[in-house]
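K.L.:
To start, I am sharing the structure in question, which I have written as structure tokens.
The values are calculated or read from the model by the stated rules, or taken from the named source; none is laboratory data. Since this is a predicted model, take the numbers as computed values, not measurements. So basically every Cβ, Gly included, is an ideal-geometry build from the backbone, and we count neighbours across all protein chains shown. Accessible surface is based on the protein model in full, side chains and every heavy atom, while ligands, DNA and RNA are left aside. Shrake-Rupley method; radii C 1.70, N 1.55, O 1.52, S 1.80 Å.
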Amino acid sequence: MRRLLLVVLCLAAPRADAQKFTELAKTPPMGWNSWNKFQCNVSERLIRETADAMAATGMKDAGYQFINIDDCWHGARDSLGFIHPDSARFPSGMKSLADYVHAKGLKLGIYSDAGNKTCGGRPGSRGYEYQDALTYAKWGIDYLKYDWCSSDSLNAPGAYMTMRDALAKAGRPIVFSICEWGNNKPWSWGPSMGHLWRTTGDITACFDCIKEMGGWRAWGVLQILDKQEGLREYAGPGHWNDPDMLEVGNGLTPNEDRAHFSMWSMLAAPLIAGNDLRSMPANVAQVLTNRDVIAVNQDSLGVQGFKYAARDSVEIWFKPLVGGDWAVTFLNRSSTPRAVNFTWAQGTKQGAGTTAGPLVATVPAKDVLMLRLHRA
Ligand code: GLA
């Protein structure tokens, strides 16, 4: 009798409604990720040195928080199914690495995959979601990028929901980064599953090109920018379109670096640097730590910018900001400088320039002119 009663109670107990951690990523996440520059060459030494550099270069002061280890950190699962890091690359283990990063006032991110294998062929989380989430929480992980290789017959929203619920159950607030490349319209289900979702395939360090990778294509900055069309309505505080990590400092020209960073800021995109912070030239650091541009990206209104007009290879983008301000960016996509002559609808008189008269300027090739309009 007593036993029967117990069973009934269990069945009747309401299931706590699992949900993502809603207090995270109120503004687009800012940090660094190993993939764009280092691919599989990750190690605890690289991560520690990058955390040191994040603090020393002014990146941390500018708002960058996360140090994210991408693919290939994995060793094997043990006999109980628990995942361990590659012991040659991470001899001190993840907990000690997280402690190191936290002591610097930064946060540690990690990478896994919804399928059986990651894109780099390491163990994926399929079938181990709850166990892996628990392990990440125990290690002190703060951010999980969750990829879509070997996903075969998996249902995308279902697979990401499983990991979302597993993270919720593990109890540690972890930013959940959906990396499903835009295949199954993640913007339509992503907001309830995670904090950001990739909208496209992988970026490559090139301003205007498509790279054939043998079976798939990697996209240049302009190609990724064009793929954001129609997606701005899905982004907002706690849930962001992710046009992929930054290639600033990975071989673009200084003008292209500036244009790339400015446009990602206009898109309210996550700002995840992908260069070697330990040997960053001053001009690259200047782009990545530009406070005025970062303020546009991190604006608390959390509204993604939009393309207002395009003419003669120059696009004009607007982004509404808190308090009635606007960010305006003129993007010159072409390989030659372009003259800009833009007439504002209404005039005010304030600051360095005003909207009383037209804006007359030249935008260098593959570069931007970015302004902030402030109501006087
Ligand atoms: C996919 C992702 C990349 C990176 C690699 C790692 O291609 O889209 O961002 O994480 O896998 O193998």
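K.L.:
So, of the residues in region 44-64 that are crowded, with 20+ Cβ neighbours inside 10 Å and more than 17 Å from Leu288 (Cβ to Cβ), which turns out to be nearest to the ligand (Cβ to nearest atom)?
P.N.:
Among residues in region 44-64 that are crowded, with 20+ Cβ neighbours inside 10 Å and more than 17 Å from Leu288 (Cβ to Cβ), the one nearest to the ligand (Cβ to nearest atom) is Ile47.
K.L.:
Hey, another quick one. What do you reckon, is Trp189 assigned by TED's automatic domain parsing to the domain that holds Thr289, more than 24 Å from Phe66 (Cα to Cα) and open to solvent by 40 Å² or more (accessible area, probe 1.4 Å)? It would help to see each step written out before you state the result.
P.N.:
Working: assigned by TED's automatic domain parsing to the domain that holds Thr289: yes; more than 24 Å from Phe66 (Cα to Cα): yes; open to solvent by 40 Å² or more (accessible area, probe 1.4 Å): no.
No, not satisfied.
K.L.:
Restrict the check to region 257-275 and report whether at least one residue is farther than 17 Å from Asn36 by Cα and open to solvent by 10 Å² or more (accessible area, probe 1.4 Å). Can you show your working first?
P.N.:
Initial filter on region 257-275 (farther than 17 Å from Asn36 by Cα): 258-259, 262-263, 265-268.
Filter once more, keeping what is open to solvent by 10 Å² or more (accessible area, probe 1.4 Å): 258.
There is at least one residue in region 257-275 that is farther than 17 Å from Asn36 by Cα and open to solvent by 10 Å² or more (accessible area, probe 1.4 Å).
K.L.:
For Tyr234, state whether it is open to solvent by 10 Å² or more (accessible area, probe 1.4 Å), more than 15 Å from the ligand (Cβ to nearest atom) and within 27 Å of Leu321 (Cα to Cα).
P.N.:
On the way: open to solvent by 10 Å² or more (accessible area, probe 1.4 Å): yes; more than 15 Å from the ligand (Cβ to nearest atom): yes; within 27 Å of Leu321 (Cα to Cα): yes.
The answer is yes for Tyr234.
K.L.:
Looking at Cys179, Cys209, which one is within 30 Å of Ala365 (Cα to Cα) and among the hydrophobic types (A, V, I, L, M, F, W, C)? Step through it out loud before you land on a result.
P.N.:
Values: Cys179 fails: within 30 Å of Ala365 (Cα to Cα).
Within the list Cys179, Cys209, the selection yields Cys209.
K.L.:
Can you find a residue that is within 20 Å of Leu97 (Cα to Cα), of a type in the set (S, T, N, Q) and buried (at least 18 other Cβ atoms within 10 Å of the Cβ) anywhere in region 136-158?
P.N.:
The answer is no, given that none of the residues of region 136-158 is within 20 Å of Leu97 (Cα to Cα), of a type in the set (S, T, N, Q) and buried (at least 18 other Cβ atoms within 10 Å of the Cβ).
K.L.:
Go through Gly182, Gly201 for me and flag whichever is within 12 Å of the ligand (Cβ to nearest atom), over 18 Å from Asn36 (Cα atoms) and of a type in the set (Gly, Ala, Ser). Steps first, please.
P.N.:
Values: Gly201 fails: over 18 Å from Asn36 (Cα atoms).
Result of the check over Gly182, Gly201: Gly182.
K.L.:
Given the structure, is Asp99 over 23 Å from Gly63 (Cβ atoms), charged (D, E, K, R) and assigned by TED's automatic domain parsing to the domain that holds Ile67?
P.N.:
Here the answer is no, as Asp99 does not meet what is asked.
K.L.:
Also: Quick check on Ser177: is it of a type in the set (Ser, Thr, Tyr), surrounded by fewer than 18 Cβ atoms within 10 Å (Cβ to Cβ) and in the same structural domain as Trp240 (by TED's automatic domain parsing)?
P.N.:
no
K.L.:
A further question follows. For a quick check of your reading of the model, give me the residue pairs whose first member lies in region 23-45 and is assigned by TED's automatic domain parsing to the domain that holds Val175 and among the charged types (D, E, K, R), whose second is part of a helix (DSSP H, G or I) and crowded, with 18+ Cβ neighbours inside 10 Å, with beta-carbon atoms closer than 7 Å and at least 6 apart or on different chains.
P.N.:
Filtered contacts from region 23-45: Glu44/Leu97.
K.L.:
Kindly provide the set of residues from region 115-135 that are assigned to a helix (DSSP H, G or I), under 19 Å from Trp197 (Cβ atoms) and open to solvent by 10 Å² or more (accessible area, probe 1.4 Å), ordered by number. Don't jump to the end; show me each part of the working.
P.N.:
So the first thing to find is which residues in region 115-135 are assigned to a helix (DSSP H, G or I), and the list is 129-135.
From the residues that got through so far, the ones that are under 19 Å from Trp197 (Cβ atoms) too are 129, 133.
Once the filter is applied, which keeps residues that are assigned to a helix (DSSP H, G or I), under 19 Å from Trp197 (Cβ atoms) and open to solvent by 10 Å² or more (accessible area, probe 1.4 Å), region 115-135 yields only Glu129.
K.L.:
Enumerate the pairs (first residue in region 306-320 and at positive phi; second residue anywhere and of a type outside the set (A, V, I, L, M) and surrounded by fewer than 18 Cβ atoms within 10 Å (Cβ to Cβ)) with beta-carbon separation below 6 Å, excluding pairs fewer than 6 apart on the same chain, so at least 6 apart or on different chains.
P.N.:
Filtered contacts from region 306-320: Ser313/Ser334.
K.L.:
Hey, Thr27 hits all of (1) within 16 Å of the ligand (Cβ to nearest atom); (2) assigned to a loop (DSSP other than H, G, I, E, B); (3) within 30 Å of Pro191 (Cβ to Cβ) but one; which does it fall short on?
P.N.:
The one condition Thr27 does not meet is (1).
K.L.:
Residue by residue through region 66-114, note down the ones that are in a loop (DSSP other than H, G, I, E, B), within 16 Å of the ligand (Cβ to nearest atom) and touching a strand residue (DSSP E or B) at 6+ places or on another chain (Cβ under 8 Å). Steps first, answer last, please.
P.N.:
If we filter region 66-114 for residues that are in a loop (DSSP other than H, G, I, E, B), which is where we start, we get 69-73, 78-82, 86-93, 104-106, 114.
Next, only the ones that are within 16 Å of the ligand (Cβ to nearest atom) stay: 69-73, 86, 89, 114.
Ile69, Asp70, Asp71, Trp73, Asp86, Ala114, listed by residue number.
K.L.:
Could I ask something else about it? Having 1 or more residues that are under 23 Å from Gln19 (Cα atoms) is the bar; report the strands (runs of 3 or more DSSP E) wholly within region 172-233 that clear it.
P.N.:
On the way: elements: 175-178, 196-198, 210-212, 217-219.
The qualifying strands (runs of 3 or more DSSP E) are 175-178, 196-198.
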